[in-house]
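Undergrad: Starting off with a structure, shown below.
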Amino acid sequence: MSDTRPIIGLSSATANQPNTSDSFHFWLAPDVIVNPFDIVEAEQVAPNKGVSRTFGIVTSLEHSTDAPAHLSNFISNDFGQVESEPNTVRQGTTVAHAAVLSNDQDIYMPVPNDRPIRFADESGIHDALGITQMPEHYRVPAGLIEMSNGARAVVYLDSRYILGPEGAHVNISGISGLATKTSYAIFLIQSLLQSVKNRDRIGVIILNVKHGDLLSIDQPPAHGLSPEEHALWDALGLTPKPFENVRYLLPYGKDTPTTGRPNSFRIPQRDWFLYAYSLQDTYDKLDLLLSNIPDPWDTVGALIGEITQGLSDPRTGAWGPRSRWASVTDWDSLLNGEPLVKDGQAQNVGDVRAVSVARFRRLLRRIVQTRQSGIFVSQRRHNVKNLSEEIARIRGGEVVVVDIAKLTDDEQTLVFGDILRTIYKLYSEDSGDGDDLPEKVLIFVDELNKYAPQRETGSPIIDQVLDIAERGRSLGVVLFGAEQFMSAVHERVAGNCSTIVVGRTGSSELSAPAYRFLDPAVKANITRLQKGELIISHAIFRQPVKIRFPRPAYLQEGAEG
């Protein structure tokens with residue numbers, strides 16, 4: 001093989017450390033610098049005495065000498081004299097361990113001993129990751145590989161494994177404050193919208209869960225981006241610009257009737273609308289509102305069923321209180337009037353006994369009256385939106401941001417569940433709006449573990465998340481979820497994600513079963529990731545790779561997670 005790139009070492013196989021079809025070793029020439037996650041290539045056998053290339057990603061390095069023990073080195077330095085010349089100069093070398101990524105001729109024989117090793121160039125990196133075989137119109141820039149020798153290569157994800165139909169969903173985890181999670185999710189959404197062919201047929205729903213981080217994504221950064229950030233965007237072939245065609249939905253608050261201001265940390269410059277929940281908006285979503293309430297005997301569920309049935313038109317399922325439920329018009333009449341209460345006493349409702357009805361009233365009163373943020377109203381004003389109706393209006397090319405940052409946990413669960421249920425219903429049933437709906441809807445939420453916790457056996461909200469995770473790929477509904485600890489997320493949710501992104505994470509978290517797809521040496525390196533560095537595992541990659549990504553190009557409130 002004729003190659004002008006320098007040889008950085010030779011492959012090495014020993015009796016104790018043989019090369020295999022999955023990994024190989026190589027020693028380094030003096031003064032060569034190699035780091036974990038560098039991608040190298042080894043000359044390999046091929047038919048008819050030809051040569052193929054086996055690509056590997058460096059997972060760890062070790063330096064060894066001919067000294068049988070550390071004591072030998074101590075003795076050879078005149079019994080510990082640090083300034084003296086050693087009596088015996090030890091022979092040593094640095095050996096790198098590499099996991100096999102691919103072979104350009106699909107030959108997975110172990111790399112023989114003494115074969116030349118070189119740094120892979122950009123085309124070699126693309127061969128190694130399977131990007132070369134990926135049609136260009138499916139390529140989505142996900143970040144930049146930067147190697148020890150200065151080589152750089154764009155890492156592309158296959159949109160068929162993000163948006164379907166081959167796979168779907170992205171999960172992002174990592175410690176807050178190190179440019180992971182929200183920052184990367186927003187960057188990847190921007191990359192998708194700039195890269196895929198049918199971008200005008202993709203709708204995006206973003207939940208703002210922290211302060212005002214995502215309430216100005218249609219505004220450029222106040223001081224622009226640094227030259228380094230611009231260079232990163234350029235290297236990825238993307239344009240740094242804020243989102244377009246954005247609509248903001250902000251929650252009604254206790255002070256809104258007098259101030260007209262939403263219950264938000266920040267008010268967008270334009271295109272924002274208030275949303276609130278009257279009983280008429282919520283009667284068929286009470287199960288979501290009470291998702292966090294333990295209900296082992298399904299007594300709360302049974303009563304919710306009675307209420308929903310009583311407040312629904314039997315022909316259409318729409319709002320329509322009837323018979324003994326006819327007097328129920330708002331939250332107060334539901335909690336304090338018939339049929340739940342008579343003469344100040346809780347009543348039996350259907351098969352639900354009065355004591356359970358009394359417990360239900362206490363729970364619901366706490367959520368919608370005594371501890372609420374202001375989002376629950378007696379009657380919704382004409383200029384205040386019904387959230388599910390607004391979500392159902394989403395169209396291709398539109399970005400809808402729903403602010404839930406100041407809501408209580410129960411209110412956040414209701415809003416997120418309402419969004420998921422509305423979208424799932426639109427795409428799983430023949431709603432009659434098929435021609436107007438986007439081909440794909442992408443939903444991003446941070447703190448996913450609040451809605452799909454690992455130890456949860458079943459609740460309305462987790463059932464809704466699981467429906468999206470397990471069936472969304474075929475429906476065109478895609479979930480981007482983020483959290484600090486992936487081990488805190490239900491394994492069926494994380495397991496259905498075709499793309500896993502991990503930022504800097506502690507060693508105790510990395511010992512959880514959720515990270516078993518990572519090599520132990522890779523886990524050790526994850527604890528040392530710098531700001532803007534991530535490990536990404538994608539369906540078509542045989543091994544996770546390390547990338548850098550640029551800061552999203554929109555006005556940000558401050559440091560983000």
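Each value in this text was obtained by applying a stated rule to the coordinates, not by laboratory testing. Just so you know, these numbers come straight off a predicted model, no measurement behind them. Every residue, glycine among them, receives a Cβ derived from its backbone with ideal geometry; neighbour counts consider all protein chains shown.
Undergrad: How high is the FRET efficiency from R201 to R152, r the C-beta distance, R0 30 Å, rounded to 0.05?
TA: Efficiency, from the Cβ-Cβ distance: 0.40.
Undergrad: If a paramagnetic tag sat 7 Å from the Cα of S378 along the Cα-Cβ line, which residues of the range 313-338 would have the backbone N under 13 Å from that point?
TA: 329-334
Undergrad: Now for a different question. Of [x] 28.8, 101; [y] 29.4, 105; [z] 31.7, 108, which one was derived for Rg and Dmax of the Cα atoms in Å from the structure shown?
TA: [x]
Undergrad: What residue among T59, I394, A276 has its Cα farthest toward the positive end of the dipole of the chain, where the charges are +1 on Lys, Arg and -1 on Asp, Glu, each on the Cβ?
TA: The residue sitting farthest along the positive end of the dipole is A276.
Undergrad: Suppose R0 equals 41 Å. What FRET efficiency, 1/(1 + (r/R0)^6) with r the Cβ-Cβ distance, do S72 and S508 give to the nearest 0.05? The partial results should precede the final answer.
TA: Working: r = 36 Å, r/R0 = 0.88.
Taking R0 as 41 Å, the efficiency between S72 and S508 is 0.70.
Undergrad: Just for the chain, what percent of DSSP beta bridges are antiparallel, to the closest 5?
TA: Working: 55 of 88 bridges.
Antiparallel bridges: around 60 percent, rounded to the nearest 5.
Undergrad: Just to confirm a number: summing +1 for Lys and Arg and -1 for Asp and Glu over residues other than L163 whose beta-carbon lies under 12 angstrom from that of L163, what do you get? Mind dumping the intermediate values first?
TA: Values: positive: R160, K197, R199, R201, K440, R473; negative: D158, E166, E439.
Local net charge: +3.
Undergrad: For the range 148-188, how big is Rg over Rh, using alpha carbon atoms and the Kirkwood form of Rh? Walk me through the numbers before you get to the answer.
TA: Working: Rg = 13.4 Å, Rh = 12.4 Å.
Taking Rh as the inverse mean 1/r over Cα pairs, Rg/Rh reads 1.08.
Undergrad: A further question on this structure: Name the lysines eligible as straight-distance cross-link partners of K49: C-alpha to C-alpha under 25 Å, and not fewer than 8 places from it in the same chain.
TA: none
Undergrad: Give me the extension gain from Q91 to L61: residue separation times 0.36 nm, minus the current Cα-Cα distance, reported in nm with one decimal. Each step should come with its number before you reach the end.
TA: Details: separation 30, 0.36 × 30 = 10.80 nm, distance 1.71 nm.
Full extension of this stretch gives 9.1 nm more.
Undergrad: I would also like to ask the following. With a point put 7 Å past each Cα toward its Cβ, work out how far T370 is from A358 in nm, to one decimal.
TA: 1.5 nm
Undergrad: Less than 14 Å Cβ to Cβ from R247, Lys/Arg counted +1 and Asp/Glu -1: what total charge do the surrounding residues give?
TA: Numbers: positive: R270, K385, R393, R395; negative: D218, E244, D271, E389, E390, E398, D403.
Once positives and negatives cancel, what remains is -3.
Undergrad: Please give every one of the aspartates and glutamates within straight-line cross-link reach of K181, meaning a C-alpha to C-alpha distance under 14 Å, and leave out same-chain neighbours fewer than 8 residues apart.
TA: Here the aspartates and glutamates satisfying the reach criterion relative to K181 are D213, D446, E447, E483, E533, E560.
Undergrad: Please report the net charge: other residues with Cβ closer than 15 Å to the Cβ of T299, K and R +1, D and E -1.
TA: Numbers: positive: R353, R359, R361, R362; negative: D287, D295, D298, E306, D351.
Taking every other residue near T299 into account, the sum is -1.
Undergrad: Okay, moving on. Hey, if you put +1 on the Cβ of every Lys and Arg and -1 on every Asp and Glu Cβ in the chain, which of L426, L414, A235 ends up farthest toward the positive end of that dipole?
TA: So the residue furthest toward the plus end is L414.
Undergrad: Along the charge dipole of the chain, pointing to its positive end and built from +1/-1 on Cβ of Lys, Arg, Asp and Glu, which listed residue (A405, A13, W27) has its Cα farthest out?
TA: In the chain, that residue is A405.
Undergrad: Amide H neighbours of S102 under 5 Å, counting only residues 5+ apart in sequence or on other chains, H built in-plane at 1.01 Å?
TA: It is F55, by chain and number.
Undergrad: Also, I was wondering about something else. Mind checking the full-extension length gain between F273 and A222? Use 0.36 nm per residue of separation minus the Cα-Cα distance, one decimal, nm.
TA: Details: separation 51, 0.36 × 51 = 18.36 nm, distance 2.40 nm.
Full extension of this stretch gives 16.0 nm more.
Undergrad: If you don't mind, there's one more thing I want to ask. For V478, which sequence-distant residues (separation of 5 or more, or a different chain) have an amide H within less than 5 Å of its own amide H, given hydrogens modelled in the peptide plane?
TA: When sequence neighbours closer than 5 places are left aside, the close amide H contacts are V441, L442, I443.
Undergrad: Using helices alone, what [θ] at 222 nm do you get for the chain, with -39,500 (n - 2.57) per DSSP H run of 4 or more residues, divided over all residues and rounded to the nearest 500?
TA: On the way: 16 runs with 138 residues, N = 561.
My calculation for the chain gives -7000 deg cm²/dmol from helical runs alone.
Undergrad: So, one more: Let me know the charge dipole size of the chain about its Cα centre in debye, to the nearest 20, where only the beta-carbon of Lys, Arg (+1) and Asp, Glu (-1) is charged. Mind dumping the intermediate values first?
TA: Details: 55 positive and 69 negative charges, 275 e Å.
My answer is approximately 1320 debye.
Undergrad: How many angstrom lie between the C-alpha centres of the range 48-65 and the range 1-45?
TA: 3 Å
Undergrad: Further question on the same structure: Sort 312-325, 256-269 for me by packing, meaning the mean count of neighbouring Cβ atoms within 10 Å per residue, highest on top. Working shown, then result.
TA: Values: 312-325: 12.5, 256-269: 15.6.
Ranked from most to least packed, the peptides come out as 256-269, 312-325.
Undergrad: Stretch N336-T14 to full length: gain in nm at 0.36 nm per residue minus the Cα-Cα span?
TA: Numbers: separation 322, 0.36 × 322 = 115.92 nm, distance 8.03 nm.
Gain in length upon complete extension: 107.9 nm.
Undergrad: A further question follows. Would you please give the FRET efficiency between F265 and A318, computed as 1/(1 + (r/R0)^6) with r the Cβ-Cβ distance and R0 = 41 Å, to the nearest 0.05?
TA: Values: r = 35 Å, r/R0 = 0.86.
Between F265 and A318 the formula returns 0.70.
Undergrad: Kirkwood Rh over alpha-carbon pairs of the range 9-120, then Stokes-Einstein at 37 °C and 0.692 mPa s: what D in µm² s⁻¹, rounded to an integer? Mind dumping the intermediate values first?
TA: Details: Rh = 15.4 Å.
Translational diffusion coefficient: 213 µm²/s.
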